[in-house]
Every structure is written in structure tokens, then in C-alpha cells.
Amino acid sequence: MPATLLDGTRIAQQIRSEVAEEVKALAAASAPSGNLRPGELGSSNLRPGLAVLLVGHNPASEIYVRGKIKACEEVGIYSETLTPPESATTSELLAHVDELNRRDDIDGILVQLPLPPQVDAKKVLLAVDPAKDVDGFHPMNVGFLSTQRRGLVPCTPAGVMEILGRSGIAASGREAVVVGRSDIVGKPVAMLLTNANATVTICHSKTRDLAGVCRRADILVAAIGRAGMITRDFVKPGATVIDVGMNTVTDPAEFRRFFAGNAKREEAFRKKGSTLVGDVHPEVAEVAGAITPVPGGVGPLTIAMLMFNTVKAAKMRRGSRMPEMSRA
Ligand code: NDP
């Protein structure tokens, strides 16, 4: 029997609607009109705000940022994008971060990566106030996560947990294997699964008998960055497989290795000249119990959780000025 598809687009939409409801409630709590802009209401403005620092003109970054700003508009979060030039120095960016750290109307600060080579990216990221670190990458938030304190959790890993939770897939007591140990995906996913009482194994490029270790998993998370690397021999029949990978395939021979005979995909590939492939080979759907598709699996959760984190940051930072809210 083919695996159940875990529909990330639907789950992300659900989260975005919930966030929109919270934003509406916050706006209603701060002004009768509800239609606010920062500054209009001084300290009574409770509308969450996100600032994005987008340096230079990296086309991929510009597309990502547009998606984030559009999502803010949809859920009612105030947003603004600062666009320093490609030539910006570390100290210029630190000055921007410092100003955003001080602004009461900005709850979330997102530094879009990559930064130009002359910039000390680590220094800039470390300067973001941990209370406004909606990416959840600051060492303070990493520490909060590992010690099970309330903080801001990285968006993609948090999205993985939302997919599991909202699909009724329990982690507690299960064997979980995470392939990938990056600071932004693999490690935080493993930490979240540990906190959810799974028994977690983290794998990486030096792991011996990777397929054998993966076959132990009730929940297998692939965050590798290698198209279709997880084939059916890595997967225990009936396991849940979460595919975080996003790999662009342009080579027709490689495309055929994954999608030969899939008329819809072939048509789209012919038109576009490329396709998005996860780290999990499509054949895994024949053995897994449940699986996230690519696209339409983990991907949509990342922006949804950024919206969630911005509201969570607003609630945590402005604390007593906020009305009691339902989640986070
Ligand atoms: P990184 O390159 O930072 O990390 C990849 C990890 O995979 C490393 O730990 C590496 O091991 C491991 N790895 C690489 N090759 C192998 C191998 N042959 N066998 C076992 N392990 C291997 O990638 P990210 O964590 O940033 O991203 C992973 C994937 O997730 C990418 O496809 C990325 O595009 C996608 N992604 C998707 C997001 C979304 O919104 N859906 C968001 C972020 C990322 P080692 O440490 O030993 O080098």
C-alpha cells in the first residue's frame, strides 16, 4: 500500500490562519480600528512587526524575502525590509541591527543569508537580540532549546514537529533517525525529537552503515542536501519519512532516475528545465507508512513557522502588555 502523503501545504495554511487570528486579536486589543501601522499608536500598538535585513541583490534571497513579506501581509504582521547595498560593511550592518533591537514596534529581526563575503556574518547574527531572533539561530535560543526552556525555535525544525504532531504521529518512545547535523536543521530537529521523548540517532557523512541505521527508524528525517539519496533500502516498512531536502535537478538523466513514467512531472520538467527533488527517492513512498512530498511537504512550513515565531516573539517580549493568547 502506498504511503500516506503528509500535506505540508495544508498544515502550513492551518498555522497561518491560526497566526492571522492571533494577530487580529492583538490588533483589536490595541485599537478599535484594528488597522494599525507602527508609530500610530505609540506604546499601545500590539501589532507584531518583522524586519528583514536584505543585503545586496542576491536573486534567490530576493525571492525568499518576497515570500516572507507576502506571508506577513496575509496574516496581518507589519513588515519592513532594509536593503543595504552589496558593499555594506560589518559595522554598518551592526548599526542596523542595533537600531532594530531598540525599536519597540519590531518583534522579529531576520538577517537574510548569505551576507556578502566582506561581512562577518557570525558577528552580525550574534548581535540580534535573542528575544527578536525569529530564526532561532542565536546561541541563547539554541541553549533554551537544549535545556527545554521557552525560546524561539528554528522554523524548519519546528515545522517538522508540526507536521508530525498535526498528523497524529507520536514521537514518544519511538526510534527516530535524523540524517544531517547542521545547526539550522539536523541538530535542532534531533533536539526537538529528543524533547518529545523519541530515542534519537543523528547521522552524518561519517556514519557507518547509514542504510542499516536508518532502517531502525520509526521516524526518519532526511536533511542532507543530496537528491534522492534515501532509497527504499534505507526505510523500515511502515516508517514515517520526513524529507527536508530541497535540491534542484536540471540534468534530464538524473530527472529520469526519479520520475521516469510520471507524466505530470515530465511535462513540468520539459517546460521549466528543472525540478525540485527531496533527499528521499520517490520509490520510498512504496515502503513508508507516511511521507512528506517535495514540493509541498516541509517547505511551506518554514514561512508559516516564521510567522508563528514573530507572534510568539511579540508575546514573549511584550509580555504583560499582551492579552492572554492561546498558543506558544
Ligand atoms: P548542510 O549542508 O548544512 O548539512 C548537510 C548534512 O548532511 C551534514 O551534516 C552532512 O554531514 C550530511 N551529509 C551530507 N552528505 C551525506 C552523506 N552522503 N551521508 C550522510 N550524511 C551526509 O545542509 P542543511 O542542513 O542546511 O540542509 C539540508 C537540506 O535541507 C538541503 O537540501 C536544504 O536545501 C534543505 N533545507 C530545506 C529547508 C526547507 O524549508 N524545507 C530549509 C533549510 C534547508 P557532515 O556534517 O558530516 O558534513
Can you tell me which residue in segment 107-123 is surrounded by the most Cβ atoms within 10 Å (Cβ to Cβ), limited to those that are in a loop (DSSP other than H, G, I, E, B) and touching a residue at least 60 places away in the same chain (Cβ under 8 Å)? Asp107
Given the structure, is Leu193 crowded, with 21+ Cβ neighbours inside 10 Å, in contact with a strand residue (DSSP E or B) (Cβ under 6 Å, 6 or more places away or on another chain) and not assigned by TED's automatic domain parsing to the domain that holds Lys68? yes
When every residue in segment 153-178 that is within 16 Å of the ligand (Cβ to nearest atom) and in a loop (DSSP other than H, G, I, E, B) is compared, the one farthest from Met316 (Cα to Cα) is Pro154
How many residues, within segment 162-178, are among the β-branched types (Val, Ile, Thr) and in contact (Cβ under 8 Å) with a residue 60 or more places away in the chain? 2
Could you list, in sequence order, all residues of segment 209-221 that are more than 8 Å from the ligand (Cβ to nearest atom) and in contact with a strand residue (DSSP E or B) (Cβ under 7 Å, 6 or more places away or on another chain)? Val213, Cys214, Arg216, Ala217, Asp218, Ile219, Leu220, Val221
What are the pairs, 6+ residues apart or on separate chains, where a residue within segment 62-91 that is assigned to a helix (DSSP H, G or I) has its Cβ under 8 Å from a residue that is of a type in the set (Lys, Arg)? Ala71/Arg16; Glu74/Arg16; Val75/Arg16; Thr90/Lys123
Here the residues within segment 189-208 that are within 26 Å of His138 (Cα to Cα) and within 10 Å of the ligand (Cβ to nearest atom) are Val189, Ile202, Cys203, His204, Ser205
Please specify each residue of segment 280-309 satisfying the condition of being buried (at least 19 other Cβ atoms within 10 Å of the Cβ), within 26 Å of Arg16 (Cα to Cα) and out of contact with any helix residue (DSSP H, G or I) (no Cβ under 8 Å at 6 or more places or on another chain). Ala290, Val294
Selection from segment 97-117 of residues of a type in the set (Asp, Glu) and over 18 Å from Pro130 (Cβ atoms) yields Asp105
Quick check on my filter: what residues within segment 134-151 are within 16 Å of the ligand (Cβ to nearest atom) and assigned to a loop (DSSP other than H, G, I, E, B)? Val134, Asp135, Gly136, Phe137
Go through segment 222-252 and give me each residue that's farther than 17 Å from Ala290 by Cα, hydroxyl-bearing (Ser, Thr, Tyr) and either in contact with a Lys or Arg (Cβ under 8 Å, 6 or more places away or on another chain) or within 14 Å of the ligand (Cβ to nearest atom) (or both). Thr248
State the number of residues belonging to segment 168-179 that are buried (at least 17 other Cβ atoms within 10 Å of the Cβ) and hydroxyl-bearing (Ser, Thr, Tyr). 0
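The values are calculated or read from the model by the stated rules, or taken from the named source; none is laboratory data. Since the model is a prediction, treat every value here as computed from it, not as a measurement. Glycine also receives a Cβ, built like all others from the backbone with ideal geometry; neighbour counts cover every protein chain displayed.
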